[in-house]
1. Taking Cα atoms of region 37-105, Rg/Rh with Kirkwood Rh, to two decimals?
2. Taking amide H positions as placed in the peptide plane 1.01 Å from N, state which residues far from K176 in sequence (5 or more) or on other chains have amide H under 5 Å from it.
3. Trypsin sites (Lys or Arg not before Pro), restricted to region 75-168: which are DSSP loop and have at most 16 other Cβ atoms within 10 Å?
4. Just R290, R163, R50 to compare: in a GNM of the chain, with alpha carbon springs under 10 Å, which one fluctuates most?
5. Which of these, Q90, Q98, Q65, has the largest mean-square fluctuation under a Gaussian network model of the chain (Cα springs below 10 Å)?
6. Connecting C-alpha atoms closer than 10 Å in a GNM of the chain, tell me which of G54, G119, G82 has the biggest fluctuation.
7. Which entries in the list K144/K213; K72/K141; K51/K161 go over 22 Å, if you measure between the two C-alpha atoms of each?
8. If I compute solvent accessible area with a 1.4 Å probe over the protein chains, what percent of it on the chain is carbon and sulfur?
Amino acid sequence: MNCIVSNLSFPEIHFIFEKPDLNEICRREWLETNGLGGFASSTLCGMNTRKYHGLLMAALQPPVQRILFLSKLDETLTTDDGDTELGTNQYPGVFSPQGYRFLHSFHLDPFPRFIYRVGEYELEKIIFMPYEKNAVAIRYKLKKCNINNDSSDVRESVLLKVRPFLAFRQEHHNMKKNSNFATDTAVNSNSISWNPYPSLPALTVYYNGWRYKESPDWYNNFEYQHEMERGLDYREDLFSPGEVVHDFINGAGYILATIETGTQQQNGMEEILPIEKFIEMLLEKELNRREKLLRGFDKFSPSVRRRV
């Protein structure tokens, strides 16, 4: 694993994985915050190794009362050669699936950016949290690479299946399968939502041009290595309601997961902007905000500027 640190407008870190080693990959972690006490965090391959890892940890009374709503998303890329699972999870005695083997590189520039290579395809995933919003946005882009590593847009049908794993639990506790967890899914034309417990806000996933395939099930005994080492409860059960499916022949794929209502999240713009344009607007806004934060720190080292 090669690490490159650059010092451009943003202090950037790049890891290149010539022969991905799971132990080495999981030693390193990333963190996105939203300014409200909430965060998204995991390892470089997306395998959670702590109970505090997750894609949407929201502070209901900022900056406290943190609840993990969305634990993770596991992706599967479907090409003419079949399905390739890109997620990685630890269960008792096994790692399944082993998507880390397809992880080509990880970048922090400034958002966590993952590059997977599957045959002649290169999948890019970017994760970021909009400032002062209890939400997390994910953008997927697919390129087709030839023998010279020249890339081009995808012109044939290539599917991305994304499976969400729900937790809805307090940050210091692990979820266990239970009959009180309501598993119903509310399906709309451009969103799906869940509200397992009336005492907590609902989680809504917005998308555009995806289709939802329901296949509800509990996935039991996820293991978190760091909690095991600490002598704490290290096993968790997570509920997955199904998959959302995107065809890259229609371009990039966008997902926005939030516990806020449409008005809170988009200030009414959900009726004006498609979700892909809205997420690109949020991304640009967040880049500008972080650039402003870095002004005045040009003389500091990249390690200091990364902490600004």
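1. 1.08
2. It is D237, by chain and number.
3. Filter output for region 75-168: R155.
4. Among R290, R163, R50, the largest mean-square fluctuation in the Gaussian network model of the chain belongs to R290.
5. Highest fluctuation of the listed residues: Q65.
6. Of the options given, G82 has the highest mean-square fluctuation.
7. Pairs exceeding the cut-off: K144/K213; K51/K161.
8. 47
The values are calculated or read from the model by the stated rules, or taken from the named source; none is laboratory data. Source: prediction; values computed, not measured. Reconstructed Cβ throughout: ideal geometry from the backbone, glycine too, with neighbour counts over all protein chains shown. Keep in mind that these areas ignore ligands, DNA and RNA; they rest on the heavy atoms of the full protein, side chains included. Shrake-Rupley method; radii C 1.70, N 1.55, O 1.52, S 1.80 Å.
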